[in-house]
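Notes for the one structure printed next.
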Amino acid sequence: MRGILNNKKREISVDDALSFLREAKVAHVATVGEDGYPYVIPFVFVYEEGKKLYLHIGNLRESHFWENVKKNPRVSIEVCEMGAIVPGKKYACQSALAYTSVVLFGKIHRIEDEQKKEWFYDCLWKKYGDPHWQFEKGGYPALPKTEVFEVDIENITGKLSEALSH
């Protein structure tokens, strides 16, 4: 059942789902703990092309997320953007929500290559930063204190609703 959409009329192509990842701002990443409970946490992320998505954690050497992925590299990631709510004509329950959402499944691993980590942060600043920001110095001296991860996308689906019907 993983990665299968039942509502085919809302399904978007894999290419459209990957394209959405380039623009979306927040990814909700689900891991599973040793006790079997799911754990979901929001991340900023980078997706450029292909079947790889990148994210990072700050200077936390121990965290719920990090402990989970060390033991089980399987993740599920949801990324969405909410649009307008269109009120129903007769009843409130006939209202509809415009949205785009993407769900992917994959395996995550830590990146140790310093150049790849710098590439990630360059892409992150390009995506989320302001081009007018000026910094006194270049580079990333805190790089050794962060963990950057690469997710190998195994399965991806996406949905789009223009809120034309419930």
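Go through Lys70/Lys116; Lys25/Lys90; Lys51/Lys89; Lys51/Lys137 and tell me which ones have a Cα-Cα distance over 31 Å in this structure.
The pairs that break the limit, which is 31 Å between Cα atoms, are Lys25/Lys90; Lys51/Lys89; Lys51/Lys137.
Using alpha carbons only, how many degrees (0 to 90, rounded to 10) separate the axis of helix 114-128 from the longest principal axis of the chain?
Once rounded, the angle reads 40 degrees.
Which value in deg cm²/dmol, rounded to the nearest 500, describes the helix-derived mean residue ellipticity at 222 nm for the chain, given -39,500 (n - 2.57) per DSSP H run of n ≥ 4 and division by the residue count?
One gets -6000 deg cm²/dmol as the mean residue ellipticity at 222 nm.
Taking loop as defined by DSSP and a crowding limit of 16 other beta carbons within 10 Å, which trypsin sites (Lys or Arg not before Pro) in the stretch 125-166 fit?
Passing sites in the stretch 125-166 are Lys137.
Any chance you could check the Cα centroid distance between the stretch 47-92 and the stretch 147-166 for me, in angstrom?
If we compute the Cα centre of each part, the gap is 9 Å.
Rank Gly138, Gly50, Gly129 by mean-square fluctuation in a GNM of the chain with C-alpha springs under 10 angstrom and give only the top-ranked residue.
Gly138
Going 7 Å from the Cα of Leu143 along its beta-carbon direction, which residues of the stretch 88-126 have the amide nitrogen within less than 19 Å of the resulting point?
110-126
Going toward the positive end of the dipole of the chain, with +1 on Lys and Arg Cβ and -1 on Asp and Glu Cβ, which of Val151, Tyr91, Ser63 do you reach last?
Tyr91
Once you keep just the Cα pairs under 8 angstrom separated by 6 or more residues, what percentage relative contact order results for the chain?
Averaging sequence separation for qualifying contacts and normalising by length gives 31 percent for the chain.
Which value results when the Cα radius of gyration for the stretch 8-161 is divided by 2.2 N^0.38 Å?
This ratio for the stretch 8-161 stands at 1.19.
When only DSSP loop residues count, what GluC sites (Glu not before Pro) in the stretch 1-95 have their Cβ near at most 16 other Cβ atoms within 10 Å?
Glu34, Glu48, Glu49, Glu62
Suppose each label sits 7 Å from its Cα in the direction of the beta carbon; what would the Glu162-Tyr128 distance come out to in nanometres?
3.3 nm
Arranged by the count of other C-beta atoms within 10 angstrom, fewest first, what order do His64, His132 take?
With the fewest neighbours first, His64, His132 line up as His132, His64.
Is the stretch 124-166 best put as rounded, prolate or oblate by its Cα gyration tensor, with a ≥ b ≥ c the root eigenvalues, rounded for a/c under 1.5, and otherwise prolate when a/b is larger than b/c, oblate when not?
Here the stretch 124-166 falls in the oblate category.
Let me know the charge dipole size of the stretch 8-161 about its Cα centre in debye, to the nearest 20, where only the beta-carbon of Lys, Arg (+1) and Asp, Glu (-1) is charged.
Dipole magnitude for the stretch 8-161 comes out near 640 debye.
Since every read-out is calculated from the coordinates, none of them should be taken as a lab result. No experiment lies behind these values; they were computed from the predicted model shown. Methodologically, a virtual Cβ is constructed for each residue, glycine included, from the backbone with ideal geometry; neighbour enumeration extends over all protein chains shown.
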